[in-house]
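The values are calculated or read from the model by the stated rules, or taken from the named source; none is laboratory data. Everything quoted here is computed from the prediction, not taken from an experiment. In this analysis, Cβ positions are derived from the backbone assuming ideal geometry, glycine residues included, and neighbour counts consider all displayed protein chains. The accessibility values were calculated without ligands, DNA or RNA, using every heavy atom of the protein model including side chains. Shrake-Rupley method; radii C 1.70, N 1.55, O 1.52, S 1.80 Å.
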Amino acid sequence: MPCHLSELRLDYVLAGGQSFRWRESSPGYWTGVLHGHVWTLTQKGGHLWYAVYPSPGTMESRVEKSTQKRLAKRKLPHTVPESIKRKKDTIKQENEEVAGDDGSLHTDCTKDGDILQDYFQLHVSLSELYSLWGASDQTFLKVAQEFSGIRVLRQDPVECLFSFICTSNNHISRITGMIERLCTALGRRLCQLDTVEYYSFPTLQALAADDTEAKLRDLGFGYRAKFVSESARSILQKQDSDWLDTLRLVPYEEAKSALCALPGVGGKVADCVCLMALDKPEAVPVDTHVWQIAKRDYLPQLGHGNKTLTERVYREIGDYFRSIWGPYAGWAQGVLFCSDLKKFRESSGYKPNAKTIKKLKG
């Protein structure tokens, strides 16, 4: 499908700490699990190219019905300005069936295209957002020149929630390994490509099983094992299996409050889920990176007497960013977050200006 690099950079989006299911299987090619299938994605010539692999003994019909149900429920946030909604005729869909020489590829390309458009939220014009943010924020404008194409994924709420429960006091590479072990132990085998086996994300029922906590502790999850099993159990006992999906339809603060009532879910994890799975683009997750960015470039007073990120400071940072970036503040935060990751700074060649370097050292 047509997709310019200014609208999407797979290397930033799939490896930037939003999802932990994608790996660069070869240079420029990303393989991962999405909607119950294994996909390989790449970008060439202004297009996003994709292959979808079938799962033996598949529950394909159930997955496809679930996909269509979720796509049917999708609604644009009420705060989306008309100027940043992409015109439908700029997001073309393939209507022809495409199969590999051995007939192994999934053939419903129109439906696959719908899934990718929904996952990458391609109905939102990222270039328009970058222009709006840059016009109101000179710091963002400088960063945007080196970090284009960073948009927010629209993930499955169950996968997003339980993945981010595992992120506390952790880093991206370790979280990725944990999620891979979680899926291998509790998920459903989908297929094998070369020597790598791929598994679906576990169901709520699997996560809530009596022996799940013990299994996860054996897999190196530590104290997070208890939060995973107890949160899954809490959802199934007090709500129902579709409860997380229904949070897409309620206001941001209500959704965040509901998530924070779950074991192991604090404000940052709740904001990540609100932003990346529940259609709340105004949610601004504040972790160590974002806190340091806020102190260094926006709110220097936060560096005086605040050695820890308190709830008050967290709220102040989020409110400030929403005031300058608007209803898609969480998306802008994602750009600055990626720009602060060492691996992306080195690969992009981005060099902070002298003022920023002085702040970093001092």
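Going through (1) more than 14 Å from residue 121 (Cα to Cα); (2) touching a residue at least 60 places away in the same chain (Cβ under 8 Å); (3) in contact with a strand residue (DSSP E or B) (Cβ under 6 Å, 6 or more places away or on another chain) one by one, residue 1 falls short only on (1).
Evaluated against (1) open to solvent by less than 10 Å² (accessible area, probe 1.4 Å); (2) touching a Pro at 6+ places or on another chain (Cβ under 9 Å), residue 126 falls short on exactly one condition, (2).
Applying the set (1) under 23 Å from residue 161 (Cβ atoms); (2) of a type outside the set (A, V, I, L, M); (3) modelled with pLDDT of 95 or more; (4) open to solvent by less than 50 Å² (accessible area, probe 1.4 Å) to residue 325 leaves exactly one unmet item: (1). Restricting the stretch 191-236 to residues that are in contact (Cβ under 8 Å) with a residue 24 or more places away in the chain, of a type outside the set (A, V, I, L, M, F, W, C) and part of a strand (DSSP E or B), the residue that is surrounded by the most Cβ atoms within 10 Å (Cβ to Cβ) is 198.
From the list 257, 241, which one is part of a loop (DSSP other than H, G, I, E, B) and polar (S, T, N, Q)? None of the others qualify; the one that does is 241.
Within the stretch 291-302, residues that are more than 16 Å from residue 323 (Cβ to Cβ) and in contact (Cβ under 8 Å) with a residue 24 or more places away in the chain have Cβ atoms under 6 Å from residues that are part of a helix (DSSP H, G or I) and open to solvent by 40 Å² or more (accessible area, probe 1.4 Å) in these pairs: 296/359, counting only partners at least 6 apart in sequence or on another chain.
Would you check if residue 50 is assigned to a helix (DSSP H, G or I), modelled with pLDDT of 95 or more and under 29 Å from residue 341 (Cα atoms)? Against the criterion (assigned to a helix (DSSP H, G or I), modelled with pLDDT of 95 or more and under 29 Å from residue 341 (Cα atoms)), residue 50 does not qualify.
Candidates are the residues of the stretch 28-50 that are under 15 Å from residue 3 (Cβ atoms) and among the polar types (S, T, N, Q); the one that is least open to solvent (accessible area, probe 1.4 Å) is 42.
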